[in-house]
Amino acid sequence: MIDVENLRVRFGSREAVKGVSFSVGQGDCFGVVGESGSGKSTILRVLAGLYDDWSGKVAFGGEAVGPRRQRAFFRKVQMVFQDPYGSLHPRQTIDRILSELPLVHGMDDIDGRILRALDAVALPRAARFRFPHQLSGGQRQRVAIARALIAEPEVLLLDEPTSALDVSVQAEILNLLADLRRERGLTYLLVSHNLAVVAHLCSHVGVMYGGEMVELTDAATLREGRVSHPHTQELRRLSVELEETGN
Amino acid sequence: MLAEIDNLRISFPTPSGFYEAVRGVSLKLGQEKLGIVGESGSGKSLTARALMRLLPSQARIEADTLRFDGIDILSASEQQMRAVRGKRAGFILQDPKYSLNPVKSIGALVAEVWRLHKGGSRREAMEAAINLLEQVKIRDPHRVAKSYPHEISGGMGQRVMIAMMLAPDPEMLIADEPTSALDATVQAEILRLIEELVSERGMGLLLISHDLPLVSHFCDRVMVMYAGRVVEELAASELSSAHHPYTRGLLDCIPSLSRPQERLSVLNRDPAWANP
């Protein structure tokens, strides 16, 4: 569903992404882990069409896309951002936030679409005429997911969707994302610094370090610790070390 | 006893009367590492801020006892409080990006704090600042002292914050989510640094975080807060035998790398947790 080949992104004299290649099958979830500055979010933003200046090949469903995207692209690919406090317009009601995309794309039955999107993310219908500040962090992230779903996309790009949330709320959102993927056959690209979250949701994982994808593995191999790059080993060691405290 | 809190209550005025955000919290802290864990809104940060009397003016604070090293915080004058804040108890905040003055160099920031509490000349202060930067294990302290906050990484920024807090040789450190803005590898380094400094200098540490496994890894004791109350208090080593359903629930809903789960268990909140 997603094919990336030799992607390079340069900011001034610094190369942030140095020739990254990977592909994600239809209905799969691919996780990208790495630390800040490793280039993981940059990849996601290139795929979402948020940067113009990159080289390499990016294709969705076999169709190559350039820096400028057609309107139809944004019905196929949607993005959910990290911070549910920053990604929703504070002066717009949930109704207004959710109707933006159907209006832009001239979709019919906006009313029905909004209600179905609210139901899909298990938000009460009463939330429709609230403002973002009247909702909790978890509810806001549900709104952000509903906004992405309303386009009826095939691909969701998820940028640290749970790192601003409490662990109890994180569990609810991760379960929701897993359900939606199964029900709708969505393809996910998940970027996170949390190895356990990525291993939970994704079947395949790419590890970014200094702008390069230094290791490409699957979740089972990662869990067993059969990873080769020192950076992956270090990330895994830290993650396991903390887990053992709680058990 | 460095800090002594008994039956602390903090409430805020709302259009429909006072809302009680902290409801009867008690704790004692000596030369040890105590962690307070809870979700957002559980009152963990308010509790720590009350100890330094750093709450917004509309907050109503009541307590049977609220003392720092014998000083009654509720009746202390503003002058007495200024002698405590920073000097005897340091406060490390979450995000170095917002907590460092962007128009001063790192050296000037650390030197300013040192001079404020210890006096001395500018030259002495700058030498002390370099020395402090060395203590928080910054490799090239002379270069870092000349740079500005936007030129250094988040982990480095947090080291600088710690250096500033150490300048007056405090007896207690309060760290409010000191590493939540940092990467996993940097997070471990910073916590290890805090732990080392606290043990070396014989300080008391109050570590506030939402991350239960992380806190119990670095503290001696852990207090779990829910809806403004302490629901469970236990030795960090006994975390695995925690028995309160909320503590258990928090541990169970964390995805695990070693144990794959089909679905994550979700916290089912029992109204009884808030009102025993």
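Collect the residues in segment A:114-130 that are of a type in the set (Lys, Arg) and closer than 16 Å to A:Leu180 by Cα, keeping them in residue-number order. If the condition is that a residue be of a type in the set (Lys, Arg) and closer than 16 Å to A:Leu180 by Cα, then A:Arg116 is the only one that fits.
Looking at segment B:41-53, can you tell me whether even one residue there is farther than 16 Å from B:Ile5 by Cβ and surrounded by 15 or more Cβ atoms within 10 Å (Cβ to Cβ)? Within segment B:41-53 (the criterion being farther than 16 Å from B:Ile5 by Cβ and surrounded by 15 or more Cβ atoms within 10 Å (Cβ to Cβ)), the answer is yes, since at least one residue qualifies. So, B:Leu205, is that one in contact with a helix residue (DSSP H, G or I) (Cβ under 6 Å, 6 or more places away or on another chain), farther than 24 Å from A:Leu222 by Cβ and within 9 Å of chain A (Cβ to nearest Cβ) or not? Criteria not met by B:Leu205. Checking each residue in segment B:58-83 for being under 17 Å from B:Arg9 (Cβ atoms) and either in contact (Cβ under 8 Å) with a residue 60 or more places away in the chain or surrounded by fewer than 21 Cβ atoms within 10 Å (Cβ to Cβ) (or both) picks out B:Gln58, B:Ala59, B:Arg60, B:Ile61, B:Glu62, B:Asp64, B:Thr65, B:Leu66, B:Arg67, B:Asp72, B:Leu74, B:Ser75.
B:Pro170 satisfies every condition listed in (1) part of a loop (DSSP other than H, G, I, E, B); (2) within 12 Å of another protein chain (Cβ to nearest Cβ); (3) modelled with pLDDT of 90 or more except (2).
Among the residues making up segment A:45-67, those that are in a strand (DSSP E or B) and farther than 18 Å from A:Thr187 by Cα are A:Trp54, A:Ser55, A:Gly56, A:Lys57.
Within segment A:45-66, the set of residues being acidic (Asp, Glu) and either under 22 Å from A:Glu154 (Cβ atoms) or without any contact (Cβ under 8 Å) to a residue 24 or more places away in the chain (or both) comprises A:Asp52, A:Glu63. If I filter segment B:233-245 for residues that are within 11 Å of chain A (Cβ to nearest Cβ) and touching a residue at least 60 places away in the same chain (Cβ under 8 Å), do I get at least one hit? Taking every residue of segment B:233-245 in turn, at least one turns out to be within 11 Å of chain A (Cβ to nearest Cβ) and touching a residue at least 60 places away in the same chain (Cβ under 8 Å).
Suppose we keep only residues that are within 15 Å of the chain's Cα centre (by Cα) and within 14 Å of another protein chain (Cβ to nearest Cβ) within segment B:183-194. Which one would you say is modelled with the lowest pLDDT? Ranking the qualifying residues of segment B:183-194, first place goes to B:Gln187. None of B:Ser199, B:Ser180, B:Ser147 is farther than 26 Å from A:Val33 by Cβ, of a type in the set (S, T, N, Q) and in contact (Cβ under 8 Å) with a residue 40 or more places away in the chain except B:Ser147.
Does at least one position in segment A:121-128 carry a residue that is in a strand (DSSP E or B) and either in contact with a strand residue (DSSP E or B) (Cβ under 9 Å, 6 or more places away or on another chain) or over 25 Å from A:Arg10 (Cα atoms) (or both)? No, there is no match, as no residue in segment A:121-128 is in a strand (DSSP E or B) and either in contact with a strand residue (DSSP E or B) (Cβ under 9 Å, 6 or more places away or on another chain) or over 25 Å from A:Arg10 (Cα atoms) (or both). Answer with yes or no whether B:Leu74 is out of contact with any Asp or Glu (no Cβ under 6 Å at 6 or more places or on another chain) and within 21 Å of B:Tyr226 (Cβ to Cβ). Taking the combined requirement at face value, the residue does not satisfy it.
Residue selection: A:Ser99 fails the criterion of being among the polar types (S, T, N, Q) and at pLDDT below 90. Taking B:Lys137 as the residue in question, decide whether it is over 30 Å from B:Val37 (Cβ atoms) and either part of a loop (DSSP other than H, G, I, E, B) or within 14 Å of chain A (Cβ to nearest Cβ) (or both). In short, no.
Restricting attention to segment A:4-44 and to residues that are in a helix (DSSP H, G or I) and in contact (Cβ under 8 Å) with a residue 40 or more places away in the chain, the residue that is surrounded by the most Cβ atoms within 10 Å (Cβ to Cβ) turns out to be A:Ile43. Residues in segment B:117-130 that are at pLDDT 90 or above and more than 18 Å from B:Ile152 (Cα to Cα): B:Ser121, B:Arg122, B:Arg123, B:Glu124, B:Ala125, B:Met126, B:Glu127, B:Ala128.
The values are calculated or read from the model by the stated rules, or taken from the named source; none is laboratory data. Nothing here was measured: the structure is a model prediction, and the numbers come from that model. Note: ideal-geometry Cβ built from the backbone for every residue, glycine included; neighbour counts use all protein chains shown.
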